[in-house]
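The values are calculated or read from the model by the stated rules, or taken from the named source; none is laboratory data. Remember, it's a predicted structure, so these values are computed and weren't measured experimentally. We place every Cβ from the backbone using ideal geometry, glycine too, and count neighbours over all the protein chains shown. SASA here: full protein model, heavy atoms, side chains in, ligands and nucleic acids out. Shrake-Rupley method; radii C 1.70, N 1.55, O 1.52, S 1.80 Å.
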Amino acid sequence: TFCSVFCRWYWKKEKREPYVKFMQANYPPGFSYEDFGPLFTAEFFDPDQWADILKASGAKYVVLTSKHHEGFTLWGSKYSWNWNAVDVGPKRDLVAELATSVRNRTDLRFGLYHSLFEWFNPLFLEDATNSFKTRKFPTSKSLPELYEIVTKYQPEVIWSDGDGNAPDTYWNSTGFLAWLYNDSPVRDTVVTNDRWGVGSICRHGGFYTCSDRYNPGHLLPHKWENCMTIDKNSWGYRRDAQLRDYLTIEDLVKQLVETVSCGGNLLMNIGPTHDGRIAVVFEERLRQMGAWLNVNGGAIYGTKPWRAQNDTVTADVWYTFSPKEGRVNAIFLNWPLSGMLELGEPQAKLAETQVKLVGYEEPLKWVALGEKGIVIALPQLTPKQLPCQWGWTLQLTDIN
């Protein structure tokens with residue numbers, strides 16, 4: 001839809017002029033946000049196709065938004081009567097269908113995003129008016145939903161969001177998490193993020209998210225995730241998006257490489273359409289990422305950060321370390337015109353160090369630059385001979 005993920009807030013609460021005007025011009029008088037429910041039809045939703053695209057992307061886990069801040073659940077929740085995908089709109093349990101397809105057709109871990117608060121829920125608004133001294137909303141809605149999705153769908157990632165400016169004690173986050181990690185059906189495999197109440201973000205949790213589109217560019221001491229969007233401006237599908245609004249595959253590879261070098265994971269968001277499709281531009285980006293990982297995955301999967309995250313001499317070179325092989329991976333995003341790549345960080349050992357370009361057979365020639373640094377002669381390749389198009393990996397073995 002035009003106003004996408006934050007439509008309800010911008011239109012009804014903030015009354016932003018472009019949103020109000022758009023709704024007046026394109027929908028009948030008296031049209032309410034609830035009237036969007038039946039228009040969410042998902043007639044083209046094919047969970048098997050989604051699973052195949054996700055698999056082709058090279059991703060290791062997927063997180064589906066089970067409920068956002070407007071409260072509509074994508075499963076037939078007992079606690080969201082007549083405002084869920086089974087009662088209204090698709091008349092299907094979209095969470096169950098995708099979970100089944102992902103588990104049957106891929107090796108991806110299945111995760112669920114869940115918003116703690118709901119913008120316009122009267123129980124939440126009442127609690128907020130009482131400065132969160134009352135807890136009607138979490139006890140009757142938010143917490144029961146969380147227990148419901150974990151018990152029913154056994155997600156291995158719980159991606160919590162939307163604290164509503166309330167503390168974790170209001171949400172009873174510690175109580176829920178204690179159950180999740182000790183008694184729930186996923187207690188041995190589940191991973192959680194850091195959004196469980198005011199002040200918990202970037203401080204508590206299995207992995208930190210710190211902010212949306214978080215990419216610090218340096219090593220963090222705790223596992224973290226860069227959750228970002230392929231559409232630069234939105235988490236949802238926008239009918240009015242222009243091609244320039246989408247990150248290119250070059251942009252995305254750069255994001256991935258920077259993130260992994262600094263100890264993070266990349267969560268790349270796409271917004272499906274109201275009729276249940278993954279738009280072709282998103283599918284192309286996902287498949288391109290998969291093609292890149294098909295060649296360079298050894299520098300991403302199962303790696304740890306190296307002592308240097310990026311190179312000190314040449315820009316856009318990022319390092320990872322493969323502990324099993326004892327190998328340093330240098331991923332460079334620009335192929336030098338001279339054919340010579342200078343790296344300031346590696347300390348090479350004469351007659352021992354080996355340099356290989358992933359996807360090319362022959363070892364490469366190199367020259368050490370004193371104590372630290374190495375110049376590598378890249379092979380002269382035609383565009384067809386290049387292992388991939390958007391960033392290349394050098395494997396360095398036997399270096400100090």
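Pairs are defined by a Cβ separation below 7 Å, a sequence spacing of at least 6 or placement on different chains, a first member in the stretch 282-296 that is more than 19 Å from LEU386 (Cβ to Cβ), and a second member that is among the small types (Gly, Ala, Ser); the pairs so defined are LEU286/ALA56; LEU286/SER57.
Taken over the stretch 155-180, the criterion of being over 19 Å from VAL198 (Cβ atoms) and touching a helix residue (DSSP H, G or I) at 6+ places or on another chain (Cβ under 8 Å) is satisfied by PRO155, TRP179, LEU180. Of all the listed residues (LEU64, LEU54, LEU94), the sole one being over 25 Å from LEU116 (Cβ atoms) and of a type in the set (A, V, I, L, M) is LEU54. Within the stretch 373-400, residues that are among the hydroxyl-bearing types (Ser, Thr, Tyr) sit with their Cβ atoms under 6 Å from residues that are open to solvent by less than 70 Å² (accessible area, probe 1.4 Å), at 6+ positions apart or across chains, in these pairs: THR393/ASN296; THR393/ALA299; THR393/ASN329; THR393/ILE331; THR393/VAL358; THR397/ARG327. The requirement of being of a type in the set (Ser, Thr, Tyr), over 30 Å from PRO90 (Cβ atoms), out of contact with any Phe, Trp or Tyr (no Cβ under 7 Å at 6 or more places or on another chain) and buried (at least 17 other Cβ atoms within 10 Å of the Cβ) is not satisfied by THR303. Hey, among the residues in the stretch 340-390 that are in a loop (DSSP other than H, G, I, E, B) and among the aromatic types (Phe, Trp, Tyr), which one's nearest to the chain's Cα centre (by Cα)? It comes out as TRP390.
Looking at THR273, is it β-branched (Val, Ile, Thr), assigned to a loop (DSSP other than H, G, I, E, B), at pLDDT 95 or above and touching a Leu at 6+ places or on another chain (Cβ under 8 Å)? In short, no. Each residue in the stretch 129-149 was checked for being of a type in the set (Ser, Thr, Tyr) and open to solvent by less than 20 Å² (accessible area, probe 1.4 Å), and 1 of them qualify. Can you find a residue in the stretch 51-59 that is over 21 Å from ILE270 (Cα atoms), in a loop (DSSP other than H, G, I, E, B) and either touching a residue at least 60 places away in the same chain (Cβ under 8 Å) or assigned by the TED database to the domain that holds LEU267 (or both)? For the stretch 51-59, residues over 21 Å from ILE270 (Cα atoms), in a loop (DSSP other than H, G, I, E, B) and either touching a residue at least 60 places away in the same chain (Cβ under 8 Å) or assigned by the TED database to the domain that holds LEU267 (or both): absent. Return yes when PRO185 is open to solvent by 10 Å² or more (accessible area, probe 1.4 Å) and either in contact (Cβ under 8 Å) with a residue 40 or more places away in the chain or aromatic (Phe, Trp, Tyr) (or both) and no when it is not. Judged against the criteria, PRO185 is not a match. Against the test of being among the hydrophobic types (A, V, I, L, M, F, W, C), open to solvent by less than 60 Å² (accessible area, probe 1.4 Å) and more than 24 Å from ASP231 (Cα to Cα), the options TRP50, TRP11, TRP81, TRP75 yield a single qualifying residue, TRP75.
Tell me, which residue of the stretch 165-189 that is assigned to a loop (DSSP other than H, G, I, E, B) and of a type in the set (Gly, Ala, Ser) is nearest to ASP93 (Cα to Cα)? So the residue we want is SER184.
Select from the stretch 16-37 the residues that are assigned to a helix (DSSP H, G or I), of a type outside the set (Asp, Glu), over 22 Å from GLY71 (Cα atoms) and without any contact (Cβ under 8 Å) to a residue 12 or more places away in the chain and list them in ascending order. Passing the criteria: PRO18, LYS21, GLN24, ALA25. A count restricted to the stretch 95-117 and to residues that are open to solvent by 10 Å² or more (accessible area, probe 1.4 Å) and either at pLDDT below 95 or not small (Gly, Ala, Ser) (or both) stands at 11.
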